[in-house]
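What follows is a single structure, written as structure tokens, with notes after it.
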Amino acid sequence: MTKTVNHWIGGKIVEGASGNWGPVTDPATGAVTTSVALASVEEVDSAVASAKAAFETWGTSSLAQRTSILFRFRALLDANRDAIAELITAEHGKVHSDALGEVARGMEIVDLACGITTQLKGELSTQVSNRVDVAAIRQPVGVVAGITPFNFPAMVPMWMFPLAIACGNTFVLKPSEKDPSPSLKIAQLLAEAGLPDGVFNVLQGDKVAVDRLLEHPDVSAISFVGSTPIARHIHTTASANGKRVQALGGAKNHMLVLPDADLDAAADAAVSAAYGSAGERCMAISAVVAVGAVGDELVDKIRERAEKIKIGPGDDPTSEMGPLITKAHRDKVASYVHGAAGQGADVVLDGTGYTVDGYEDGHWIGLSLLDKVSTDSDAYRDEIFGPVLCVLRADTYEEGLALINASPFGNGTAIFTRDGGAARRFQLEVQAGMVGVNVPIPVPVGYHSFGGWKDSLFGDLHVYGNDGVQFYTRGKVVTTRWPDPSEPHGGVDLGFPRNH
């Protein structure tokens, strides 16, 4: 018998009433384990109404109240990290250690939210004119919504809601319908921490729910992480409806390896960054650009390491990589490998026929390595989102840089070199929002902001860090004059106010 996953509205589980349900599978077995409710327009309206009502008091609550709840939530999150990781593994398929890492990275933003008091301090200028003071303050925007992807069902929501509610907003989360259970566990922990009813709501659903959130007049802001076509649609539609939007899109992250690099370290990094979480990361390295004569040796070292990776169920402690999220996604990833040779690539490793004994119906795929890939091939142009690593060749640093900068994506990138001058040039000249120097996945810590350039980000502000605080608040400037009671009234003056 399959379990059901419902909504969380007004501080309690609310059973789906639309009559529409979606299947959730265990990627390791291919079996449907869960039915998830898919919200109707009316259910979206109910969740937004709950958040709007809660904002009346939460928006004016004290910082001390908000942070004390967040501190309790952090303690509960820490105590339940294994349980959350198990839910992630069961529905996403990633190995347990990787799921634990996801929870830990999400907790960094909870840490930041617990210390929100310093981030929300305003500014004051006294005596800008005679007995006139000017103050700048930041206030919450109202009801905000987060639309999050399947690949990080705990971490990406935690990139959003802790800061949003710490800043005084109320939140409606629409998680991926492919792995919805972590969102409900998080909602229950927030309630246990004492968060008032309606401040955090979870809407399970599909495009119906998303489209209603984008147009709903009571939703003030939308945060989104997903593919570039959907990010562009989210940004265009929500902006047209008067909302502020941060929409993070897809990626094709490059790693430039210079001839002086430590090739063992570069190969270790390439395998970890390309194949970790089965490549289902927007910060995965999917293209290695080998400069000069190092290409053949680097490819050999990557192949040697990739062949040793153990693939298996995520709940097996010996597994290093799990299955892909769905059979359809597995088949799509495999199609890029099948078509690579015909588009000029050398297929060094073909993982498309991989299966795991005892789990033959799981969504398995092995590690694939494509060498001498051309920039006009499908495997290079598209975000594959699977364990497929492309290697491209460049004769010089300048040629490699130009190749990277020609990509329509600009999420993350990395350079491997022993030359500090080359690394400095790269970090200034590359067109990407996040840069690693001998670091393959340069995801910023919680107190810096995460976001790319070009088709990897739609909107002005990145997620979490200082940008996150800016996004979930709006500025107000207050000019005050208190006349001295001993002086007579100043009289009418129709001129423009003068600051002297």
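The values are calculated or read from the model by the stated rules, or taken from the named source; none is laboratory data. Keep in mind that this is a model prediction, so the values were computed, not measured. FYI the Cβ positions are ideal-geometry reconstructions off the backbone, even for glycines, and counts take in every protein chain you see. Accessible surface is based on the protein model in full, side chains and every heavy atom, while ligands, DNA and RNA are left aside. Shrake-Rupley method; radii C 1.70, N 1.55, O 1.52, S 1.80 Å.
No other residue among Ala265, Ala290 is farther than 24 Å from Phe471 by Cα and open to solvent by 20 Å² or more (accessible area, probe 1.4 Å) apart from Ala265.
Conditions (1) surrounded by 23 or more Cβ atoms within 10 Å (Cβ to Cβ); (2) within 28 Å of Thr318 (Cβ to Cβ), marked per residue:
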{"position": "His7", "(1), (2)": "yes, no"}
{"position": "Leu38", "(1), (2)": "no, no"}
{"position": "Ala47", "(1), (2)": "yes, no"}
{"position": "Ala53", "(1), (2)": "no, no"}
{"position": "Glu56", "(1), (2)": "no, no"}
{"position": "Gly59", "(1), (2)": "no, no"}
{"position": "Ala64", "(1), (2)": "no, no"}
{"position": "Glu86", "(1), (2)": "no, yes"}
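The set of residues in segment 74-123 being within 24 Å of Gln470 (Cα to Cα) and without any contact (Cβ under 8 Å) to a residue 12 or more places away in the chain consists of Thr118, Lys121.
Here is a yes/no grid of residues against (1) among the β-branched types (Val, Ile, Thr); (2) open to solvent by 10 Å² or more (accessible area, probe 1.4 Å); (3) farther than 14 Å from Met255 by Cα:
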{"residue": "Lys372", "(1), (2), (3)": "no, yes, yes"}
{"residue": "Thr375", "(1), (2), (3)": "yes, yes, yes"}
{"residue": "Glu383", "(1), (2), (3)": "no, yes, yes"}
{"residue": "Pro387", "(1), (2), (3)": "no, no, yes"}
{"residue": "Glu399", "(1), (2), (3)": "no, yes, no"}
{"residue": "Phe409", "(1), (2), (3)": "no, yes, no"}
{"residue": "Asn438", "(1), (2), (3)": "no, yes, no"}
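Identify all residues within segment 66-96 that are under 23 Å from Leu163 (Cβ atoms) and among the hydroxyl-bearing types (Ser, Thr, Tyr); write none if there are none. Answer for segment 66-96, where residues must be under 23 Å from Leu163 (Cβ atoms) and among the hydroxyl-bearing types (Ser, Thr, Tyr): Thr67, Ser68. Tell me, yes or no, whether segment 184-193 has at least one residue that is out of contact with any strand residue (DSSP E or B) (no Cβ under 7 Å at 6 or more places or on another chain), under 15 Å from Gly59 (Cβ atoms), modelled with pLDDT of 95 or more and not small (Gly, Ala, Ser). The answer is no, given that none of the residues of segment 184-193 is out of contact with any strand residue (DSSP E or B) (no Cβ under 7 Å at 6 or more places or on another chain), under 15 Å from Gly59 (Cβ atoms), modelled with pLDDT of 95 or more and not small (Gly, Ala, Ser). Residues that are under 16 Å from Arg474 (Cβ atoms), free of Cβ contacts under 8 Å to residues at least 60 places away in the same chain and surrounded by 19 or more Cβ atoms within 10 Å (Cβ to Cβ) occur in segment 239-247; there is at least one. Within segment 464-500, can you find the residues that are open to solvent by less than 100 Å² (accessible area, probe 1.4 Å), among the charged types (D, E, K, R) and within 35 Å of the chain's Cα centre (by Cα)? Scanning segment 464-500 gives Asp467, Lys476.
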